[in-house]
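Input: a single structure, listed below in structure tokens.
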Amino acid sequence: MISKAQFDKELELIIENAIREDVGDGDHSSLACIPADAMGKAKLLVKEDGILAGVDFAKMIFNYVDPEMEVEVLIEDGTPVKYGDIAFYVTGKSQSILKAERVVLNSMQRMSAIATKTKAFMKMVEGTKAKILDTRKTTPGIRAIEKWAVKIGGGENHRFALYDMIMLKDNHIDFAGGITQAINQTKQYLKAENRDLKIIVEARDLNEIAEILENDGVYQILIDNFNFEDTKKAVAMIDGKCFAESSGNINEKTIREYANCGVDFISSGALTHSVYNMDLSLKAVL
């Protein structure tokens, strides 16, 4: 996985680009009618039940826009919230609050939706050993906050990007000439490049599970688009030799059954690509 320093840099880039995109050469609506030295206070109002996420990120945004703004947090990230709750108050120059408003709301609404869905998935596998993983099926440019939201919701992060883990999927295997060839070439590459990256290999059927297990050095097997019965057989074949992960069109109706098959992980792109933003608003306190 990427380092904390790398992750923090991703967050900085998201904020910088979001403010550039939204503010440009100035928030002329605020500049036109609000004095530069006017002070104000606003509250983050929850308008929908769910899991709150993005409070700490909002603090980063406010600080980027104007380090003199102060945030009083009432509800922390990861907390269940209901309609009418107030997550925090922000105090500072009115122009600064308004400049940060949309970026804060867009980020928190998205993050809270992802955290809420992740928490729901976690509850569906409660009592099993399965952990919920995200994927790279994220919104371009804001992957870091979407993966952060998964963690806030109780899930786990899969690889962050192409550079921090090896994942040999069907196309890699086919282009390389087969599973064993792909694994051997990968291990040779990692040795030559002096890189220590975990290797995950995707299997399309039980025969491929067997071939993967003939090779050393595989950290995790991706049991992709298997039915329940074959997933159980695959887990039995793997038998703890490496981690087992189920993936492929897993949804609210099937996730519990896959967890009951004994897999270690269940990955779902739906955590990040199929959510509706949670309703939040930033309202002036008069």
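Every read-out reported here was derived from the displayed coordinates using simple, explicitly stated rules and does not represent laboratory data. In this text the structure is predicted, and so the values were computed from the model without any measurement. We place every Cβ from the backbone using ideal geometry, glycine too, and count neighbours over all the protein chains shown.
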Virtual spin-label span in nm between N277 and D170, 7 Å along Cα→Cβ:
3.5 nm
Count the lysine pairs in the stretch 26-99 whose Cα atoms sit under 18 Å apart, keeping only pairs 8 or more residues apart in sequence or on different chains.
10
When the stretch 76-179 is reduced to its Cα atoms, the Kirkwood hydrodynamic radius in Å:
16.5 Å
In nm, spacing of pseudo-spin labels at N215 and Q6 (7 Å Cα→C-beta vector):
2.2 nm
Most mobile listed residue (T135, T231, T180) in the chain, GNM with C-alpha springs under 10 Å
T180
Once each part is reduced to its C-alpha centroid, what is the distance from the stretch 205-274 to the stretch 1-62 in angstrom?
39 Å
Taking a 22 Å limit on the Cα-Cα distance, which of the listed pairs K169/K233; K117/K137; K4/K117; K137/K187; K123/K151 fall beyond it?
K4/K117; K137/K187
Using the alpha-carbon atoms, what tilt in degrees (0 to 90, nearest 10) does helix 143-152 show relative to the longest principal axis of the chain?
80 degrees
Counting only helical runs of four or more DSSP H residues, what would the 222 nm mean residue ellipticity of the chain come to if each run contributes -39,500 (n - 2.57) and the total is spread over all its residues?
-14000 deg cm²/dmol
I'd like the GluC sites (Glu not before Pro) in the stretch 180-231 restricted to DSSP loop residues with at most 12 other Cβ atoms within 10 Å, sorted by number.
E214
